[in-house]
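**Q** Could you have a look at this structure, given as structure tokens, before my questions?
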Amino acid sequence: MKNVVGYMDILYLPVLNYEETIKWYQEKLGFHWNGICFGLGKGPVIMLVKVDNEEDVKLTYKTDHWEGKDYDMHLLSFKSDNIEETYKTLKERRVSVSELKTYDENRKNFRFYDLNGNRFDVWQPIP
């Protein structure tokens with residue numbers, strides 16, 4: 001059966017402060033702002049959407065079926081070609097990061113938060 005829709009094209013990211021968020025993503029993650037969105041080279045672009053309430057900035061949901069009861073599951077994962085270097089760089093840039101862990105002996109992951117409180121995952125497969 002043929003897909004009814006194409007590939008994922010745009011991620012609309014909720015943010016509290018538009019200008020500060022652009023600066024943070026440029027300085028901390030090295031993303032390029034083209035005046036409209038962040039283009040990552042591969043995958044969807046990231047468009048920023050201003051929200052007025054902190055509770056509207058949420059890229060997680062609760063599940064009992066991942067890492068235990070009431071786990072805050074992330075909606076978005078970035079893939080890294082060198083997760084140790086990515087982890088080190090983000091820590092050096094004072095980004096809030098979790099512990100770097102190995103899961104199921106086939107991948108390494110860690111999580112990080114942006115200045116708005118959005119939580120993201122970074123992963124790399126273990127060959």
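**Q** In the set Gly6, Gly30, which member is over 17 Å from the mean Cα position of the chain (by Cα) and among the small types (Gly, Ala, Ser)?
**A** Gly6 is the lone residue from the list that is over 17 Å from the mean Cα position of the chain (by Cα) and among the small types (Gly, Ala, Ser).
**Q** Right, something else. (1) at pLDDT 90 or above; (2) more than 15 Å from Arg119 (Cβ to Cβ); (3) open to solvent by less than 70 Å² (accessible area, probe 1.4 Å): which one isn't true of Leu29, the others all being true?
**A** So Leu29 meets the others, but not (2).
**Q** Now for a different question. Could you tell me which of the residues Trp66, Trp33, Trp24 is in contact (Cβ under 8 Å) with a residue 12 or more places away in the chain, closer than 26 Å to Tyr87 by Cα and among the aromatic types (Phe, Trp, Tyr)? First the steps, then the outcome.
**A** Details: Trp66 fails: in contact (Cβ under 8 Å) with a residue 12 or more places away in the chain; Trp33 fails: in contact (Cβ under 8 Å) with a residue 12 or more places away in the chain.
Of the residues listed, the single one that is in contact (Cβ under 8 Å) with a residue 12 or more places away in the chain, closer than 26 Å to Tyr87 by Cα and among the aromatic types (Phe, Trp, Tyr) is Trp24.
**Q** Turning to a different aspect of this structure: Quick check on my filter: what residues within segment 35-94 are modelled with pLDDT of 95 or more, farther than 28 Å from Pro127 by Cβ and of a type in the set (Ser, Thr, Tyr)?
**A** Those that are modelled with pLDDT of 95 or more, farther than 28 Å from Pro127 by Cβ and of a type in the set (Ser, Thr, Tyr): none in segment 35-94.
**Q** Taking the stated definitions as given, is Trp24 under 15 Å from Tyr113 (Cα atoms) and among the aromatic types (Phe, Trp, Tyr)?
**A** yes
**Q** Answer yes if at least one residue in segment 7-25 is more than 21 Å from Trp123 (Cα to Cα), assigned to a loop (DSSP other than H, G, I, E, B) and at pLDDT below 95, and no otherwise.
**A** No.
The values are calculated or read from the model by the stated rules, or taken from the named source; none is laboratory data. Keep in mind that what you see is a predicted model, and the values were worked out from it rather than measured. Positions of Cβ are generated from backbone atoms using ideal geometry, with glycine treated the same way; all protein chains shown enter the neighbour counts. Keep in mind that these areas ignore ligands, DNA and RNA; they rest on the heavy atoms of the full protein, side chains included. Shrake-Rupley method; radii C 1.70, N 1.55, O 1.52, S 1.80 Å.
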